[in-house]
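Asker: First the structure, which I've put down as structure tokens, then a few questions once you've had a look.
The values are calculated or read from the model by the stated rules, or taken from the named source; none is laboratory data. Since the structure is predicted, the reported quantities are computational estimates derived from the model, not experimental observations. Note that each Cβ is placed from the backbone with ideal geometry, even for glycine, and that neighbours are counted across all protein chains shown. For accessibility, only protein heavy atoms count, side chains too; no ligands or nucleic acids. Shrake-Rupley method; radii C 1.70, N 1.55, O 1.52, S 1.80 Å.
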Amino acid sequence: MAESSTKSIVVAAPASRVTAVICDFVRYPEWTEALDRVEVRQEYEDGYAREVRFVLDAGVLTDEYTLIYEYSEDLSRIEWRLAEPSRMQRRQDGAYDIEDNGDGTTTVTYTLEVELSVGMLGMFRRKAEKMIMDAALTQLKHRVEQLGATETG
């Protein structure tokens, strides 16, 4: 059983803007360096994505995989799981927990657990998860705050 990794970041924006960016999957390649393509394959009745296909190209690491998303009613939690094993992954479970701090900022906590199809020592897997989370949160923060600057500037 793999252990999960967790990291948090404070974003200078309201929770509604953070969730809007997270839920706008087709625009991920605009601000997420390693993603070439993202396709929403299935939506829930309310219009939120249920099944999303990702094409990842991070240089030496390439993969195509589909995630199944679920959302809490108030969008304070967005979680996903790998629909089926891919070339590189046997399993991926993750979540964004989004907390409005009440001062115009939002704390985003990212939890990720990945089981790779290729063997990797636990300490290297955790280091890879940490790098993925650091990049994801930094790029999310930049995108959300950049959108806020263009709205007010």
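Asker: Please work out which one of (1) open to solvent by 20 Å² or more (accessible area, probe 1.4 Å); (2) touching an Asp or Glu at 6+ places or on another chain (Cβ under 8 Å); (3) of a type in the set (V, I, T); (4) assigned to a strand (DSSP E or B) is the condition V26 fails and give its number.
Answerer: (4)
Asker: Moving on to the next point. Give the residues of region 56-66 that are touching a Phe, Trp or Tyr at 6+ places or on another chain (Cβ under 9 Å) and either open to solvent by 20 Å² or more (accessible area, probe 1.4 Å) or closer than 17 Å to V21 by Cα (or both), sorted by residue number.
Answerer: Of everything in region 56-66, those that are touching a Phe, Trp or Tyr at 6+ places or on another chain (Cβ under 9 Å) and either open to solvent by 20 Å² or more (accessible area, probe 1.4 Å) or closer than 17 Å to V21 by Cα (or both) turn out to be L56, E64, Y65.
Asker: Can you tell me which of V52, V40 is closer than 27 Å to S117 by Cβ and either within 13 Å of the chain's Cα centre (by Cα) or not in a strand (DSSP E or B) (or both)?
Answerer: V52
Asker: Can you tell me which residue among E73, E33 is modelled with pLDDT of 95 or more and open to solvent by 80 Å² or more (accessible area, probe 1.4 Å)?
Answerer: E73
Asker: While we're on this one: Conditions: (1) touching a Lys or Arg at 6+ places or on another chain (Cβ under 9 Å); (2) open to solvent by 60 Å² or more (accessible area, probe 1.4 Å); (3) modelled with pLDDT under 95. R81 meets all but one. Number of the miss?
Answerer: (3)
Asker: When you go through (1) touching a helix residue (DSSP H, G or I) at 6+ places or on another chain (Cβ under 9 Å); (2) at pLDDT below 95 one by one for T62, which number turns out not to apply?
Answerer: With (1) touching a helix residue (DSSP H, G or I) at 6+ places or on another chain (Cβ under 9 Å); (2) at pLDDT below 95 applied to T62, the lone miss is (1).
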